[in-house]
Structure formats: C-alpha cells, structure tokens
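Just so it is clear, none of the values below were taken in a lab; they were calculated from the coordinates. A quick note: this is a predicted structure, and the numbers were derived from the prediction, not measured. Quick reminder, even Gly has a Cβ in these numbers, built from the backbone with ideal geometry, and neighbours come from all protein chains shown.
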Amino acid sequence: MSPEAAAALRKPRRRHLAQRLAQGLLRAMDQAQASESLAAGDGWLQGLDPRSKLIGALALIVSVVLTHSLAVVVGLFALALLLAWRSQLLAAGVCQRLWLSVLLFSGTIALPALVLVPGRALWQLPLPGWAVSEQGLRSAALLIARAETSSTLALLLIVSTPWTHVLKAMRCLGAPLVLVAILGMTHRYLFVLAQTAAQLFEARRSRIVAPMNGAQQRALATSAAGVVLSKAFWLSNEVHLAMISRGYRGEVRLLDDFHAHARDWLALLGALSVPLLILWGER
Amino acid sequence: MHIPDGYLSPATCAAAYAITAPFWYVAFKRVERLLHTRMVPLLAVFSAFSFVIMMFNLPLPGGTTGHAVGVAVAAIVLGPSASMVAISIALLIQAVFFGDGGITTYAANCFNMAVVGSLVAYWSYVLIAGQAALESPRRVVAAAIAGYLALNVAALLTAIEFGVQPLLFHDVAGTPLYAPYPLSIAIPAMMIGHLSIAGVAELAISGGLIAYLQRSNPELLACSMPSAAAARAKVANSTRRFWYGLAGLMLASPLGLLAAGTAWGEWGVDDFSSAEARHEMLQASGGIAPPEVVPSGLERLASVWSAPIPDYAPAFLHDLYVGYVVSAVMGAGLIVLLLLLISTLVGRKQSPEC
C-alpha cells in the first residue's frame with residue numbers, strides 16, 4: 001500500500017456537503033415530528049388548555065428575565081424539570097438535547113466573563129495568571145441559568161402542545177387573524193420546502209463521483225437555494241390559486257373550540273403569580 | 001445573532017417591542033394593500049424559505065462554515081415591507097418552535113435582522129444596482145454587498161444592545177445582570193465573526209442567488225427595479241432629504257461642546273502635562289494612569305502635521321459655537337467637492353464605453 005493510500009485510509013472521511021445539508025434538514029424535520037407525537041402524549045402539561053399553557057409559559061419566561069436572583073432562576077428551572085417529568089418529556093430526551101446545545105452556546109459566551117468582569121478576585125487561574133472575579137462568576141451563572149430555564153420553558157410549551165393549538169391559543173389571546181394564518185401555513189410549507197431541499201441534496205450526492213472543492217460546494221449550496229426559492233414562488237402561486245378556488249377572498253377564519261377547566265385556571269393563576277411575586281419581592 | 005432570552009434586560013426588551021411595533025404595523029398594512037389575497041400564501045411560503053435558507057451551512061474560504069439569514073434576497077425579491085414581515089415570521093417560528101432566539105428578545109431580533117436588515121439591504125442594493133439591466137453583473141455585486149452590509153449592520157446593533165447591558169443593568173456589587181460585556185468587548189467580539197465569516201456567507205448566498213435568478217427567473221428581480229422616472233424621482237427625493245439632514249447636523253454640531261472632557265484616545269501632547277487633563281484620562285481609562293512623560297512616538301509624530309483649524313475653532317472667529325458650525329460647513333463642503341471631483345474623473349473615464 002502506498003503511503004498516500006495509507007494516509008487516506010487513516011484520515012477520517014468527512015461527509016460531503018450535500019450529505020451534511022440533507023441530513024441536517026432531515027434531522028430538523030424528525031425532531032419537529034417527534035415534538036408533534038410528544039404533544040399527543042398523556043402527560044400533565046398535555047392535558048392543560050393551550051391558552052393557559054401559552055400565557056403560563058410567557059409569564060414564567062418573563063419571570064426568569066425579571067428576577068435578579070440566581071436562586072429564583074434555579075427554582076424556576078427546578079419547576080420546569082418537575083413539569084417535564086410529570087409530562088413524561090424527560091424520558092424522551094428532548095430536554096437533554098436542548099440543555100446541551102444551550103450550555104455549549106451560552107457557556108462559550110459566558111466563560112470569558114469569569115475573568116473579564118472586574119470585581120473581587122476569588123482565585124487565580126494557574127497558567128495565564130488571570131483572576132476569576134466573584135462578579136464575573138455570578139454574571140456567567142445568571143446568563144447560563146436564564147438561557148437554560150427560559151429555553152426549557154419554551155420547549156415545554158412546544159413539545160406538549162400541537163402547533164395548530166398554539167396558533168389557536170394565540171388567536172384567542174388577540175393575535176391578528178392574518179398573522180395566525182400565515183404562521184400556520186409557514187409551518188406547513190417549511191416541511192415541504194425542507195423536504196424538497198433534502199431530496200435535492202440527496203439527488204445531487206448520488207451523482208457526485210469526485211470530491212468537490214470549496215467553490216464548487218458553495219455553487220452547489222447557492223444553486224440549491226435558488227431552486228428552493230423558485231419552487232417557493234411556484235408553490236405560493238399554486239396555493240394562492242387553490243385558496244381562491246375554495247372561495248378565499250382575504251378573510252381568514254379559525255375554529256376556536258377550547259374549554260378551560262378548573263385546573264387550567266389554577267395552573268394559569270400559579271404561573272401568573274410568579275412574576276408578580278418577583279416584582280413584589282425585589283422591590 | 002439570534003439573541004436568546006436572558007441576555008437583554010426587560011426594559012431593553014420592552015423598548016425593542018415599542019420601537020419595532022410601528023415598523024411591523026406599517027409593513028403589514030402596506031403588504032396587505034399591495035398583495036391582498038396573495039399576501040397569506042406568499043408570505044407563508046417565503047417565510048418558510050427564509051427559515052430553510054438559515055439551515056444551509058456554506059463552506060467558506062479558510063475552512064470554516066457559516067449560514068446566511070437571507071435578508072437581502074427577501075428584501076430584493078419581495079421589497080422591504082414584505083421582507084420585514086417574512087423575516088419576522090421566520091424568526092418567530094425559529095424562536096417558538098426551534099428555540100433559536102428568545103421570546104422576550106424576539107422584537108430585538110426582529111428589529112436587528114428583519115427591520116434594519118431589510119432596509120439596509122434594500123436601499124444599498126437599489127443604490128448600487130442603479131438602473132442596471134436585470135441581467136447585469138452589477139446587480140449580483142449589489143446584492144452581495146447588500147447582504148454583507150445588512151448582516152453586519154444587524155450584528156453591530158446586536159453588539160450595541162449587548163454592550164449597553166452592563167452599563168445600565170448591574171447590581172450594587174457591580175455584577176452585570178444580563179449580557180456581561182461592555183461595548184469595548186461586545187462590538188469587536190461580535191463584529192470579527194460577522195465581518196469575516198457570517199457576513200461572507202450572506203454575501204455569497206445573496207450574490208449567488210441573484211445570479212441564479214438572473215439566469216432562471218429574472219422577472220422576480222423586477223420588484224426592486226423601479227421604472228426610470230420613479231427612480232429619478234426617488235433619487236431626487238432622497239438627495240433632497242440628505243441635504244436637509246446634512247444641514248440639520250451642521251447646525252447641531254455645537255452640541256459636541258456640551259460633552260465634558262476630551263474624547264478617549266484623542267489626547268494631545270499638552271494634555272500629558274496638564275493635571276486636569278491627566279485626571280480626565282485616568283477616569284476615562286478605567287483607573288489606569290497615563291504615562292508620566294509624553295510617549296516618544298506621539299511627541300515625534302504630533303509635529304508632523306499642524307491642522308489649519310485646530311479644535312474646530314477658526315482663528316478669525318471668536319464665538320465657539322459659530323466656529324463649530326463654520327467648521328462643519330467647511331469640512332462637509334470639502335468632502336462634497338472631493339467626491340464631485342472623483343465622480344467627474346470616473347465619469348470621464350467611463351464615458352467612451354457608454
């Protein structure tokens with residue numbers, strides 16, 4: 001075996017751009033479909049009225065941003081964990097994936113704050129001799145805890161409520177009708193376009209016989225985006241004609257058929273009391 | 001660039017909602033009037049497209065990758081109003097459904113990317129592309145620059161929003177309660193990545209998509225190419241507004257006198273020997289004392305050029321405020337003359353080809 005061939009064998013094979021893009025799109029679609037199936041499950045949150053859940057989630061997220069206390073943020077995170085556990089969402093692994101990605105993102109941003117935020121030095125880092133400040137540590141912890149807690153609360157809403165119900169709840173709470181209709185259609189056609197793009201990349205990958213350089217890969221991604229754009233316009237025309245043929249004249253109607261029960265009101269009351277308590281406690 | 005929850009204070013988030021809401025309202029009404037029954041399907045499908053395009057990771061020179069927002073393409077193909085609405089909807093789905101960007105920070109994200117991004121992209125594209133034909137390579141360059149500018153302006157706004165947090169929101173011990181870095185760190189940290197990676201991705205996808213549309217579907221580009229008469233009227237209107245704005249700025253230039261002390265880093269040789277100026281330097285530099293003697297490089301280079309009107313105070317005028325206004329008029333006039341000279345020279349050079 002020649003040294004070049006041996007080196008090629010030792011070198012881990014990088015996936016092709018078309019393959020990476022196709023897999024990324026398919027993974028996102030799979031995750032979205034998994035959320036829909038979780039929303040149909042039999043948990044505590046799944047049984048709540050979507051309007052209570054939407055207002056409650058917003059109230060809790062606002063509470064996370066309002067409070068200046070790390071202990072309160074950690075308490076709200078514990079509440080989110082409890083809700084996830086009672087709604088059988090922890091076992092599904094969706095929360096764990098989110099926590100890891102938020103930790104990686106916010107952690108990378110927050111880490112330098114340990115030494116860059118001036119304040120009382122807690123300890124000295126051995127090699128560069130930088131001092132970790134108490135203020136920096138607290139600031140980084142607040143940032144990460146807030147990001148983790150608020151994203152978990154948003155996730156709980158989405159994985160416990162079908163998207164159509166979230167939209168109906170938005171409408172019940174006064175969101176403009178046209179906005180709700182656009183959001184509903186966007187969600188539907190997002191999967192159509194993502195699937196089109198994934199199929200396009202898969203078809204391209206099956207016809208590639210040699211590695212592509214950077215410029216060729218960029219050309220591939222750009223032309224794929226162009227095809228998706230052209231298809232998006234064609235699709236919007238088709239959908240528009242179909243809507244007109246069914247009698248659409250610019251008026252959107254939705255069926256609002258939610259019924260709140262006692263426990264929905266209790267959950268809502270509990271969620272709304274959190275930001276009020278924070279405002280009262282941190283006066 | 002998608003700001004998550006917890007990075008901005010509630011006051012900043014509320015201000016962002018208050019600032020963005022009128023843009024949403026006007027854009028929505030304008031789109032509704034223009035598109036009527038076409039609005040719902042067109043915006044829905046284009047929002048879905050914007051969302052999908054954000055998932056395309058482009059390989060960039062240097063071995064890294066970056067993804068585009070697609071704001072320039074949206075602004076060029078749909079116009080700025082529809083682009084604002086479409087990108088806002090894509091951002092809402094990203095925030096709520098995929099957890100990319102926060103819910104409390106949604107308006108700030110929309111202001112940066114959807115509102116300012118669309119306006120910067122559209123107007124820079126229209127200005128650079130001018131009256132070039134739909135198939136002209138100039139339009140590809142214009143779209144690429146528009147994408148690059150739009151993304152970087154949006155990134156700069158994001159950095160400013162981050163950077164003001166520790167100045168305004170901290171506890172008694174000095175702990176930043178939201179984004180922890182001041183402007184001096186937030187702006188370079190944000191801009192280095194966007195100027196070198198994300199902006200290049202936006203540049204590549206914007207230019208590449210417009211080149212693709214020129215070949216396959218050029219009529220989609222007609223939206224951002226107004227008729228010659230309308231373009232002339234628009235240019236005349238915007239030029240008039242520019243002159244009014246410039247005049248207003250000139251008259252407002254004495255406001256600079258209200259600022260206490262000197263600008264950071266703009267100290268002269270004399271300031272090192274003045275106790276008052278040294279105290280200002282100390283305060284402005286976070287407690288770091290200036291050197292006892294004038295730095296040798298500064299001393300050597302300070303005498304290389306003597307400004308004809310030092311400190312914006314012409315010698316023939318004794319009133320400080322009038323001196324400021326006269327300096328502003330002279331400075332702006334010199335720049336306009338220089339630009340006229342350059343445009344005349346370039347115009348002469350290009351005329352034989354026309």
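Observations, loosely collected:
- Once the C-beta distance of residue A:227 and residue B:318 is scaled by a Förster radius of 45 Å, the resulting FRET efficiency is 0.05 to the nearest 0.05.
- Dividing the radius of gyration of the alpha carbons in the protein assembly as shown by their Kirkwood radius gives 1.00 for Rg/Rh.
- By average C-beta atoms within 10 angstrom, highest first, the peptides A:149-159, A:236-246: A:149-159, A:236-246
- Positive-end residue, chain A charge dipole about Cα centroid, Cβ charges, pick of A:157, A:227, A:61: A:227
- Interchain or long-range residues, amide H under 5 Å from residue A:122's placed H: A:132, A:133, A:134
- For the protein assembly as shown, size of Cβ-based charge dipole, Lys and Arg +1, Asp and Glu -1, in debye: 2260 debye
- Trypsin sites (Lys or Arg not before Pro) restricted to the stretch A:72-141 and DSSP loop, no more than 15 other C-beta within 10 Å: A:120
- On the basis of the beta-carbon distance and an R0 of 41 Å, residue B:330 and residue A:212 show a calculated FRET efficiency of 0.15.
- With neighbour counts taken as other beta-carbon atoms within 10 Å, the residues B:13, B:110, A:95, A:172 rank, fewest first, as A:172, A:95, B:13, B:110.
- Equivalent ellipsoid semi-axes, the stretch A:57-177, via Cα gyration tensor eigenvalues times 5, rooted, Å: 34, 16, 12
- P(r) tail fraction, chain A - alpha-carbon pairs more than 28 Å apart, %: 57 percent
- Order of A:231, A:53, B:29 under a 10 Å beta carbon neighbour criterion, fewest first: B:29, A:231, A:53
- Amide H contacts for residue B:170 (H built 1.01 Å from N in the peptide plane; partners 5 or more residues away or on another chain; cut-off under 5 Å): B:177.
- Counting Cβ atoms of other protein chains within 10 Å of each residue's Cβ and taking the mean over peptide B:201-209 gives 3.
- Neighbour counts of C-beta atoms inside 10 Å place B:2, B:194, A:68 in the sequence A:68, B:2, B:194, starting with the fewest.
- Peptide B:6-16, shielding by other chains (average Cβ, 10 Å cutoff): 3
- If only the Cβ of Lys and Arg carry +1 and only the Cβ of Asp and Glu carry -1, the dipole of the stretch A:41-161 around its Cα centre is close to 80 debye.
- For the stretch B:1-159, the alpha carbon positions stretch 47, 46, 24 Å along the principal axes, listed from largest to smallest.
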